[in-house]
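Bear in mind that the values in this text are calculations on the coordinates, not laboratory data. Keep in mind the model is a prediction, meaning the values are calculated, not measured. Neighbour counts are summed over all protein chains in view; Cβ atoms, including those assigned to glycine, are modelled from backbone coordinates with ideal geometry.
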Amino acid sequence: MSLGRSLPLKTAHILVTEKSGRLVRLEPNGSITPITGTPPVYFASQGGLLEVLADTDFANNGMIYLSFAGGDKSANRTTVVKAKLDGDKLTEIQTILEVWPR
């Protein structure tokens, strides 16, 4: 979080990525709600589900961005997707960036 910026999610809700590919929402009471529909993640060494960022207009459009290692051991890549957080599920997933190693 950055000081001086408004937060797009409901007060006290925090989205958390886990390297293994799981996305969860930390609820105000401390419970954890799994978010389903995350894209397949290549989980090894440095690879996994990395960052989550809420769209600046999240309150109106429900969109988030995820960065992660996609692919498999023989052909992995950095991927960024845009998706709609619809309750406890990701929908409308759209790849917006893929970076392949040389």
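Here are the numbers:
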{"item": "Cleavage-rule hits, chymotrypsin sites (Phe, Trp or Tyr not before Pro), the stretch 8-102, DSSP coil, Cβ neighbours within 10 Å at most 12", "result": "none"}
{"item": "Hits among aspartates and glutamates - C-alpha to C-alpha of Lys19 under 17 Å, sequence gap 8 or more where chains match", "result": "Glu51, Asp72"}
{"item": "Kirkwood-type radius of the chain, with distances r between different C-alpha atoms, in Å", "result": "14.3"}
{"item": "Highest to lowest packing among 32-38, 20-26, 92-98, 77-83, scored as the average C-beta count within 10 Å", "result": "77-83, 20-26, 32-38, 92-98"}
